1. With the requirement that a residue be surrounded by fewer than 24 Cβ atoms within 10 Å (Cβ to Cβ) and within 30 Å of Glu225 (Cα to Cα), what does segment 112-135 give you?
2. I'm trying to understand the selection: among the residues of segment 180-220, which are modelled with pLDDT under 95, surrounded by 14 or more Cβ atoms within 10 Å (Cβ to Cβ) and either part of a loop (DSSP other than H, G, I, E, B) or of a type in the set (S, T, N, Q) (or both)?
3. How about segment 17-65: which of its residues are of a type in the set (Gly, Ala, Ser) and either assigned to a loop (DSSP other than H, G, I, E, B) or modelled with pLDDT under 90 (or both)?
4. Output the residues belonging to segment 185-228 that are farther than 26 Å from Gln258 by Cα, of a type in the set (Phe, Trp, Tyr) and touching a Phe, Trp or Tyr at 6+ places or on another chain (Cβ under 8 Å).
5. Among (1) assigned to a helix (DSSP H, G or I); (2) in contact (Cβ under 8 Å) with a residue 40 or more places away in the chain; (3) in contact with a Gly (Cβ under 9 Å, 6 or more places away or on another chain), where does Ala82 come up short?
6. Do we find that Leu76 is part of a loop (DSSP other than H, G, I, E, B) and either within 30 Å of Tyr186 (Cα to Cα) or among the hydroxyl-bearing types (Ser, Thr, Tyr) (or both) in this structure?
7. Pull up segment 86-137, narrow it to residues that are without any contact (Cβ under 8 Å) to a residue 12 or more places away in the chain and assigned to a loop (DSSP other than H, G, I, E, B), then point me to the one that is nearest to Ile60 (Cα to Cα).
8. Of everything in segment 15-61, what is among the aromatic types (Phe, Trp, Tyr) and more than 25 Å from Thr155 (Cβ to Cβ)? Give them in sequence order.
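The values are calculated or read from the model by the stated rules, or taken from the named source; none is laboratory data. Model, not experiment: these values are computed from the prediction. Note that we place each Cβ from the backbone using ideal geometry, even for glycine, and neighbour counts take in every protein chain shown.
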Amino acid sequence: MKFPLRYGENIARMRWYLDAVAKYSNLPIRGTRFERVTLGSRKIPALVVNHKTDKVVLYIHGGGFVFGSADAYAGLASKISARLGLQVIVPDYALAPEHPFPAGFNDVMACYEALLDQGYKGKDIALMGDSAGGNLILATLAEMLKLGLELPACTVALSAQTDFTLRGASMTANRKSDCVLPVERYQDLRAQYLGDYDPTDPRASPLFAPFAGASPVQIQVAKREILYDDNIEMVARLRADSVDVDLLEFDHGFHVFQLLAGKVPAADQALGTATNFIWAHLKR
């Protein structure tokens, strides 16, 4: 994974390759029902996993804001849905460089608002996402607080990217131990996604957002990944604002190893912890 990310320049080819890796690393549970829909007035395409339920998980996929798709995450979404007995919705939000910041952020906000318009209450919605998706759900949570929207029951971020200043010490300290993300590409990634925007804009780097009054958050991160400090500092930011935060650190995991749920026991355990956290807050 790290080698093609480091040297791959053809975005279309890389999207195909990474989607194939994600898709075939985590196949859907047999019998899972899928439906393609559009959400809200912006008609954002999304994959709906299983029948509508009175509570829902909005899952925002990872991929560095440039790669990833709902179809590639169908397997993981099917396992989340099966564990919770709930519908999971995975949007295909706008990707850079064709649609740079804040297009993806705006799409995620619009998807959440579309669920409210469908009749869901905030307390009936759980937000979940990994990597870039973790960034987007945390930024969305901060924006909800700013706008006074109904808050989700909880938020679960897996190996979230939270700080586009790229100042975390783990960016350097873990550059060899991270088997997925090449630190050499992060300047390019920032340029493709942010362009000339300020990297401390809270919509781009939720680490710089206020979170006082936010609903509970769980953050999972592997100690060997370059985004380790992004997550640890995010936890500190949330706790400074008196948010109820559950932190899980993994000694032997790697960036979003939860994608291997169904094949690797540690991934099953991590995903189980995440879904237990979601259920504990959604059922209230």
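1. Ile125
2. Within segment 180-220, Val180, Leu181, Pro182, Gln192 meet the criteria.
3. Kept after step one, since they are of a type in the set (Gly, Ala, Ser), are these residues of segment 17-65: 20, 22, 25, 31, 40-41, 46, 62-64.
Once the filter is applied, which keeps residues that are of a type in the set (Gly, Ala, Ser) and either assigned to a loop (DSSP other than H, G, I, E, B) or modelled with pLDDT under 90 (or both), segment 17-65 yields Ala20, Ala22, Ser25, Gly31, Gly40, Ser41, Gly62, Gly63, Gly64.
4. If the condition is that a residue be farther than 26 Å from Gln258 by Cα, of a type in the set (Phe, Trp, Tyr) and touching a Phe, Trp or Tyr at 6+ places or on another chain (Cβ under 8 Å), then Tyr197 is the only one that fits.
5. Among (1) assigned to a helix (DSSP H, G or I); (2) in contact (Cβ under 8 Å) with a residue 40 or more places away in the chain; (3) in contact with a Gly (Cβ under 9 Å, 6 or more places away or on another chain), Ala82 violates only (3).
6. On the way: part of a loop (DSSP other than H, G, I, E, B): no; either within 30 Å of Tyr186 (Cα to Cα) or among the hydroxyl-bearing types (Ser, Thr, Tyr) (or both): yes.
So Leu76 fails the test.
7. Per the criteria, the residue is His99.
8. Taking segment 15-61 as the starting set, the residues that turn out to be among the aromatic types (Phe, Trp, Tyr) are 16-17, 24, 34, 59.
Within segment 15-61, Trp16, Tyr17, Tyr24 qualify.
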